[in-house]
Amino acid sequence: MTATDPVTTPGRPVPLDPSLAPPGTRNFRDAGGIPADRWHADQNGETLVPTHCCFCGVQCGMYLRVDRGGKVFGVEPRNHDINRMRLCPKGINAYQQVNHPDRLTAPLMRKNRDEEFREVSWEEALDHTVAEIRRIQGEYGNDAFGLLGGASLFSEKTYLVGKFARVALKSRHVDYNGRLCMVSAAGANKLAFGIDRAGNPFSDILLTDCLLIAGSNVGECFPVMTQYLWGARDRGATLIVIDPRETAVARTADVHVALKPGTDSAFFNAVLHVVVAEGLTDEAYLAAHTTGWDEVRKTVADYPPSRSATICGVPEEQIVQVARMFAGAGKAMAWHARGVEHHSQGVENCLSIINLCVATGNIGKPGAGYGTITGQGNGQGGREHGQKSDLLPGGRSITNPEHRRQICEIWGVDEAELPLAGTSMMEMVWQMQRQEIRGLVGICNNPFVSLPNYATVKDGYDTLEFHAQFDFFLSETAANAHVVFPVTVWAEDEGVMANAEARVVKHNKAQEPPAGVRTDTWVMCELAKRLGAGDKFDFPDSRSVFEELRVASAGTVNDYYGITYERLEETGGIAWPCPSTEHPGTPRLFEDGRTYHADGKTHMQVVEWHPPMDPYSEEYPLSLTTGRTVAHFLSGNQTRRLGALVEQTPRPWVEVHPSHGFRNGDPVRVVTRRGSEVFPALVTEAIRPDTVFIPYHWPVPTAANALTIDALDPRSKIPEYKVCAARIEAAERVDEVPAPPTAPGHRAYPETQVSRTDPLPPTSPQGRGTAERS
Amino acid sequence: MMGRTIFIDPGRCIGCQACVSACRECDSHRGKSMIHLDYPDEGHSVASLPTVCMHCEDPVAPCAEVCPADAILVTADGVVQQADTTRCIGCANCVNACPFGVPKIDLQAKLQMKCNLCYDRTAYGLAPMCATVCPTGALFYGTLEELQAERPGVQVADSFTFGSTTVTTGVAMVVPADKVQWPVPGGLPVVEINGVDVSEANSNKGGGGRREGVR
């Protein structure tokens with residue numbers, strides 16, 4: 001991994017300089033005559049701070065433009081290894097949230113939910129929170145108070161979330177919103193390979209001969225990754241896309257398999273069946289490096305293409321075609337995302353893809369392997385160091401006595417006092433309903449939009465006796481809290497994130513936070529001090545947390561010990577494991593065929609297909625599936641406040657096939673066993689006739705997650721967002737899109753009003769309608 | 001051969017509108033985007049393509065030629081600038097003249113606006129913002145040789161026919177390698193005049209047919 005950034009030493013603000021230009025760039029059409037200094041951007045004393053985008057797991061490098069007064073006011077592309085200047089609309093607009101008028105700048109507090117928030121001092125907010133923690137834990141026990149973190153936090157902060165829960169709160173109940181992201185892939189990777197990360201770097205995509213993309217709308221969810229796909233195709237690679245919708249990438253694929261939602265493992269088992277039947281397996285690799293292949297081979301024998309074609313609703317020939325194309329290629333890769341992971345059989349789905357890669361010997365080579373594409377910026381790093389309910393730093397198991405001893409030694413706490421594993425994010429909501437959890441602190445998450453089955457989520461949170469939330473905008477969840485702590489946005493602090501390649505990158509501070517705003521680190525340390533654990537939380541800044549994290553991860557699979565801030569600034573990113581400061585990092589895994597299991601082998605796992613948890617019936621004959629749109633990020637707490645992104649995609653819609661008889665823009669009621677909502681129709685042939693799609697970034701009454709089911713994968717505990725039974729019917733009018741909540745005395749960003757009342761669906765990249773655009 | 005310019009490759013466009021957001025960030029555009037994102041096959045396909053000013057060369061920029069106020073200037077290096085705010089009268093002649101449907105009129109400001117190829121950036125040695133950020137390379141900035149080095153076998157066109165008129169442009173369009181035509185037919189065919197079907201007659205004239213150049 002080499003740094004391609006031609007500009008400066010990253011980490012320090014630099015003046016804008018002509019050397020910023022990409023190598024070889026000259027004036028338009030090579031004609032001179034324009035004085036170069038005429039438009040010199042440095043005329044206002046502007047500086048550029050190298051950092052990364054705050055949003056998805058690609059983690060594009062960018063510069064934030066900072067004016068002479070020290071304020072972020074724009075963005076400039078950066079020639080970083082990951083993105084090579086490219087940015088998506090979210091990345092381009094991200095800087096606008098830094099000095100956004102909706103920013104929270106003072107702690108908000110109220111004693112009861114029926115009161116208005118009032119701005120209070122930090123002392124009052126912290127003291128009141130600690131008093132409530134003490135009261136609830138005193139009355140009901142330590143585990144009655146929970147903590148929910150987020151995967152958009154820097155790894156330093158996610159490390160602190162885990163430590164704060166176990167050491168300061170002494171509660172077992174800590175989890176994070178990465179639980180809603182890629183934990184199925186994590187679980188599958190751990191089972192098969194003993195390591196929880198993608199096997200190959202993005203750059204390997206450019207070397208492959210056949211690229212299989214499953215359940216991933218790359219064009220909208222990870223737009224900058226598309227350049228790798230197109231780069232592979234420039235070399236002649238074939239492209240296979242598995243998705244119920246014809247996405248922008250699927251449109252150009254050699255094979256697009258539009259399978260019925262919830263049938264992925266039946267499909268991949270059938271593909272492997274054909275691979276075996278046609279003698280395309282890599283028996284030498286299987287014999288030398290795997291266990292469990294015989295059982296897998298026997299299982300897939302029960303999935304002939306004829307059977308899976310019926311289950312998946314796809315032509316039998318496509319299954320055979322995919323098998324021949326993938327297994328017949330010299331080097332093949334499979335990348336997947338939430339489309340296969342957001343299921344009650346998410347782990348099985350991922351394992352069925354791993355089985356295909358391993359059985360064909362496509363593992364651990366340049367251009368051959370597998371990867372999972374992370375949704376949240378730090379979805380990968382967010383779980384590596386103890387924020388997940390069952391993990392301690394370094395990916396250690398909280399139930400393993402040796403692992404517990406190691407961490408207690410580093411933390412200086414008594415092993416007997418270290419709690420055991422807690423429950424997952426959705427299960428914690430059910431515990432709130434049952435009053436097993438009575439108090440909660442939420443950091444950087446918005447479950448009111450992001451969790452399935454909204455009615456249950458609202459009920460759980462309403463039952464809490466005390467709820468505090470850290471955020472920089474008043475999210476729908478924060479608006480339900482008793483205390484809201486105003487914290488920094490990403491550009492006001494420094495720290496690391498691990499992207500979808502497990503490449504650790506460093507974000508740099510571009511401006512001072514507004515008066516009244518503190519870092520999440522500072523707030524957690526202040527709370528810990530008041531809870532009597534101040535000696536364990538003496539962290540003046542991110543660097544001091546990172547130094548402890550490095551030590552805490554040393555010797556584990558998730559080894560960060562060799563990664564330092566200085567090295568990250570020099571290299572542009574280092575992939576873990578990296579056990580020493582001389583170690584170059586590990587961009588590609590399993591190059592010698594050895595995995596991270598004790599026996600060094602890949603443990604292939606038998607996968608049987610099961611139907612989705614919400615059964616179809618005459619009343620609910622359709623599949624409802626959900627996903628993202630390119631302009632918005634997750635719960636939309638950030639992007640629904642940025643004018644250009646709101647203008648690009650002002651509201652959700654329901655994508656339906658023309659066979660249902662609706663016209664573009666017609667109000668359509670979508671009904672599931674959880675409730676019903678009305679969306680404008682986006683009529684398109686780009687979706688299966690038996691499937692409807694709603695993007696999920698909005699709150700009720702336009703929330704996809706008011707309709708989705710809170711069924712969980714038994715192993716990863718990820719919710720089954722991607723399929724539930726539904727019906728559609730004509731309605732009179734569409735539900736109005738609510739404006740994001742704002743704190744008292746604040747005003748909504750005026751541009752967010754754009755097109756809010758427009759009844760027609762937006763011009764989404766997906767499934768455009770048949771009517772004229774407005 | 002053409003120098004450094006923008007190449008548009010609709011086959012790569014994912015419709016993300018990063019170009020639209022990026023264009024708005026350019027200092028010379030004063031917070032407004034000058035890029036259209038078009039959807040050629042709505043309801044049937046998710047196909048999309050970005051439209052920037054083609055910076056016509058021959059005949060010299062129809063928009064500039066018809067401007068009664070001489071508000072649209074063409075620089076020595078071939079960039080067709082957006083309207084000079086001190087001259088533009090907002091008459092929309094340029095909108096009607098452009099064969100590619102590019103210029104927009106801000107009626108309130110009585111001002112024409114269009115892509116000026118990020119003159120604030122290109123003159124300074126930077127690539128235009130849209131082509132810099134485009135996640136997929138649907139907008140590429142460089143020379144034809146650079147494009148072809150990156151995308152072996154790629155074919156481009158910078159000449160388009162509209163009926164009997166041929167327009168040569170500074171910006172080029174990637175066309176399917178197996179359907180190379182020179183020049184590429186631009187615009188939709190006229191199929192009916194005063195109720196009379198003339199599609200048969202047109203099809204014999206050549207040019208002006210379907211936009212085969214656009215996938």
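The values are calculated or read from the model by the stated rules, or taken from the named source; none is laboratory data. As the structure is a computational prediction, the values presented were derived from the model and not from experiment. Note that each Cβ is placed from the backbone with ideal geometry, even for glycine, and that neighbours are counted across all protein chains shown. Quick note on the areas: whole protein, heavy atoms, side chains included, nothing else; ligands and nucleic acids left out. Shrake-Rupley method; radii C 1.70, N 1.55, O 1.52, S 1.80 Å.
Just the projected area, averaged over all directions, of the convex hull on the alpha carbon atoms of segment A:428-499: how many nm²? Don't jump to the answer; show the numbers that get you there.
Details: hull surface 22.4 nm².
Its Cα hull, projected and averaged over all orientations, spans 5.6 nm².
I'd like to check one number: the per residue accessible area of segment A:325-433, probe 1.4 Å, reported in Å² as a whole number.
Using a 1.4 Å probe on heavy atoms only, each residue of segment A:325-433 averages 22 Å².
So between A:ASN112 and A:ASP690, what do we pick up on full extension, going 0.36 nm a residue minus the alpha carbon distance?
203.5 nm
Taking R0 as 51 Å, what FRET efficiency do you get between A:ARG307 and B:GLN148 from their Cβ-Cβ distance, rounded to the nearest 0.05?
According to the calculation, E is roughly 0.60.
How many nm separate the modelled label positions at A:GLU729 and A:ARG324, each set 7 Å beyond the Cα in the direction of the Cβ?
4.8 nm
Among B:ASN96, B:CYS118, B:PRO152, flag the residue with its Cα farthest along the positive direction of the charge dipole of segment B:86-163, charges on Cβ as +1 for Lys/Arg and -1 for Asp/Glu.
Projecting each Cα onto the dipole axis, the largest value belongs to B:ASN96.
Mind checking the mean number of beta-carbon atoms from other chains within 10 Å of the Cβ atoms in A:245-257?
So the per-residue partner count for this stretch is 3.
Tell me which lysines have Cα within less than 26 Å of B:LYS104's Cα, excluding those fewer than 8 residues away on the same chain?
Candidates past the 8-residue exclusion: A:LYS90, B:LYS32, B:LYS114.
Would segment A:140-224 count as rounded, prolate or oblate if I go by the C-alpha gyration tensor, calling it rounded below 1.5 in a/c and otherwise prolate when a/b exceeds b/c, oblate otherwise?
prolate
Counting Lys +1, Arg +1, Asp -1, Glu -1, what net charge surrounds A:GLY138 among other residues with beta carbon under 14 Å of its beta carbon?
On the way: positive: A:ARG134, A:ARG135, A:LYS170, A:ARG438; negative: A:GLU132, A:GLU139, A:ASP143, A:GLU465.
That works out to 0.
Order the peptides B:133-140, A:687-694, A:515-522 from the highest to the lowest mean number of other Cβ atoms within 10 Å of their residues.
Numbers: B:133-140: 27.8, A:687-694: 21.9, A:515-522: 19.4.
With the highest mean Cβ count within 10 Å placed first, the list reads B:133-140, A:687-694, A:515-522.
In terms of Cα to Cα distance under 26 Å, which lysines are near enough to A:LYS298, apart from those fewer than 8 places away along the same chain?
Result set, ordered by chain and number: A:LYS190, A:LYS260, A:LYS331, A:LYS601.
Net charge near A:ARG113, counting Lys/Arg +1 and Asp/Glu -1 over other residues with Cβ under 15 Å of its Cβ?
Details: positive: A:ARG110, A:LYS111, A:ARG118, A:ARG438, A:LYS458; negative: A:ASP114, A:GLU115, A:GLU116, A:GLU132, A:ASP459, A:ASP462, A:GLU465, A:GLU476.
Local net charge: -3.
For the protein assembly as shown, give the percent of accessible area contributed by carbon and sulfur heavy atoms, probe 1.4 Å, rounded to a whole number.
On the way: 15910 of 32170 Å².
Carbon with sulfur: 49 percent of the solvent-accessible area.
Using the beta-carbon distance between A:ALA416 and A:GLU566 and R0 = 45 Å, what value does 1/(1 + (r/R0)^6) give for FRET efficiency, to the nearest 0.05?
0.70
Probe radius 1.4 Å, ligands and nucleic acids left out: can you give me the accessible area buried at the A-B interface, summed over both chains, in Å² to the nearest hundred?
In total, this chain pair buries about 4800 Å².
Using a simple spin-label model with points 7 Å from Cα along the Cα→Cβ vector, what separation in nm is obtained for B:ASP70 and A:ASP234?
4.4 nm
Using a loss threshold of 40 Å², tell me which positions in segment B:64-81 are less accessible in the complex than in their chain alone. Probe radius 1.4 Å, ligands and nucleic acids ignored.
Residues losing area: B:ASP77.
Tell me which lysines have Cα within less than 30 Å of A:LYS529's Cα, excluding those fewer than 8 residues away on the same chain?
Reachable lysines: A:LYS111, A:LYS157, A:LYS163, A:LYS170, A:LYS388, A:LYS506, A:LYS509.
If each residue of separation counts as 0.36 nm, what is the full-extension length gain between A:GLU591 and A:PHE73 once their alpha-carbon separation is subtracted?
Values: separation 518, 0.36 × 518 = 186.48 nm, distance 4.44 nm.
Between A:GLU591 and A:PHE73, full extension yields 182.0 nm more.
Taking every pair of distinct Cα atoms and averaging 1/r, then inverting, what Kirkwood hydrodynamic radius in Å comes out for the protein assembly as shown?
On the way: mean 1/r = 0.0343 Å⁻¹.
After inverting the pairwise mean of 1/r, the radius is 29.1 Å.
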